[in-house]
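Enquirer: I'd like to ask some things about the structure below.
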């Protein structure tokens, strides 16, 4: 496999064309890197970063980010086995209500869902807006908007 020793680095934009490494991951597998790269937002240590772009430099995957906002660090819920994926409605007025959540066994399962434009929950169609990885909470979040379409069964 070409990327067996893959590594990931997040680089923060300092000036227009200047970036500084802020986080580096050596013990990370390719599916996790690809899943993280699909996320427009990255939360760590109370800071939310917005992805600008990504690159591959040999075995090093790079995600370029800018600081989006800072918030107090929230304590994570008690941990479960698996990787948590929350699906939330993109509605700031309602504090992004939780539609559903699930614990997945691997990052490819997460990527399969957050990488899709449309998601169906209880027969209702939802359109993807964005996704984030929140390391502080240990969760991936997919933000969706209702399309108004319902599956006929």
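Enquirer: Can you say whether residue 2 is farther than 20 Å from residue 142 by Cβ, over 13 Å from the mean Cα position of the chain (by Cα) and touching a residue at least 12 places away in the same chain (Cβ under 8 Å), as far as the supplied structure shows?
Expert: no
Enquirer: Output the residues belonging to segment 105-122 that are surrounded by 12 or more Cβ atoms within 10 Å (Cβ to Cβ) and more than 20 Å from residue 40 (Cα to Cα).
Expert: The answer is 120, 121.
Enquirer: So, of the residues in segment 92-108 that are free of Cβ contacts under 8 Å to residues at least 60 places away in the same chain and part of a helix (DSSP H, G or I), which turns out to be nearest to residue 28 (Cα to Cα)?
Expert: 92
Enquirer: Shifting gears a bit: If you go through segment 90-104 one residue at a time, how many are over 16 Å from residue 138 (Cα atoms) and under 15 Å from the mean Cα position of the chain (by Cα)?
Expert: 1
Enquirer: Right, here's the next one. Could you tell me which residue of segment 35-48 is nearest to the chain's Cα centre (by Cα), considering only residues that are assigned to a helix (DSSP H, G or I) and within 15 Å of residue 9 (Cβ to Cβ)?
Expert: Checked segment 35-48; the qualifying residue nearest to the chain's Cα centre (by Cα) is 36.
Enquirer: Can I ask one more? Among (1) in a loop (DSSP other than H, G, I, E, B); (2) under 21 Å from residue 110 (Cα atoms), there is one condition residue 5 misses while meeting the rest; what is its number?
Expert: Result: residue 5 passes all but (2).
Enquirer: Moving on. Looking at segment 51-66 only, could you name the residues that are under 19 Å from residue 25 (Cβ atoms) and either outside the structural domain of residue 18 (by TED's automatic domain parsing) or in contact (Cβ under 8 Å) with a residue 12 or more places away in the chain (or both)?
Expert: 51, 52, 54, 59, 60, 61, 62, 63, 64, 65
Enquirer: Residue 111 versus (1) under 15 Å from the mean Cα position of the chain (by Cα); (2) assigned to a strand (DSSP E or B): which is the lone unmet condition?
Expert: (2) is the only condition that residue 111 fails.
Enquirer: Does at least one position in segment 116-131 carry a residue that is part of a strand (DSSP E or B) and under 23 Å from residue 22 (Cβ atoms)?
Expert: yes
Enquirer: Let me ask you something else. With the checklist (1) in contact (Cβ under 8 Å) with a residue 24 or more places away in the chain; (2) in a loop (DSSP other than H, G, I, E, B) in hand, flag the one item residue 144 doesn't pass.
Expert: The one condition residue 144 does not meet is (2).
The values are calculated or read from the model by the stated rules, or taken from the named source; none is laboratory data. All of these numbers come straight from a predicted model, not from anything done at the bench. As a convention, Cβ positions derive from the backbone with ideal geometry for all residues, glycine included, and neighbour counts pool all protein chains shown.
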